[in-house]
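Colleague: Structure below; questions to follow.
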Amino acid sequence: MGSGAGMGLSALVDSSVSRSLPISGERPIDLVHLARMTLGDRSLEREVLELFDRQAGILIVRMQQTARAGIGATAHTLKGSARGIGAWHVARAAEAVELAAGGAAELELEAAIARLGAAAAETRALIADLLQAN
């Protein structure tokens with residue numbers, strides 16, 4: 001069993017994310033929203049988190065390697081997935097990339113993608129902690 005054995009999900013998240021909260025204090029994943037979206041089904045919750053983890057990794061790399069024309073659509077896809085699990089910080093960062101891809105200067109777009117990568121990495125780290133603990 002992982003280090004979260006015997007802990008409730010809320011307590012595990014409190015201990016897992018306290019060291020990595022964004023400046024706003026917002027948690028990487030809104031667990032209440034996630035539970036509502038998965039109807040409290042823990043196996044579905046796990047599956048959704050695993051899918052988001054894989055998808056986020058793939059889409060971030062794709063954004064870093066594709067032409068501007070494809071970046072906006074890729075960011076839009078990630079934004080929708082992030083909203084589905086309650087990863088609001090990732091959703092906002094993806095929306096910023098989507099907007100920047102529509103006409104911002106190249107350096108601004110690159111910076112937006114970097115911020116999205118950081119937000120996704122933070123969320124993926126929490127997902128890894130949650131999956132390991134359960």
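Colleague: Tell me, how many Å apart are the Cα centres for the stretch 23-58 and for the stretch 89-127?
Modeller: When both Cα centres are located, 18 Å separates them.
Colleague: So if each residue of separation counts as 0.36 nm, and I subtract the Cα-Cα distance between residue 69 and residue 41, what length gain in nm does that give?
Modeller: So the chain would gain 6.3 nm between residue 69 and residue 41.
Colleague: Kirkwood Rh and Cα-based Rg: tell me the resulting Rg over Rh for the stretch 42-133, rounded to two decimals.
Modeller: 1.00
Colleague: Which length gain, in nm to one decimal place, applies between residue 107 and residue 134 when the Cα-Cα distance is subtracted from 0.36 nm times their residue separation?
Modeller: 5.7 nm
No value in this document is a laboratory result; all are computed from the given coordinates. Remember, predicted model here, so these are calculated numbers, not experimental data.
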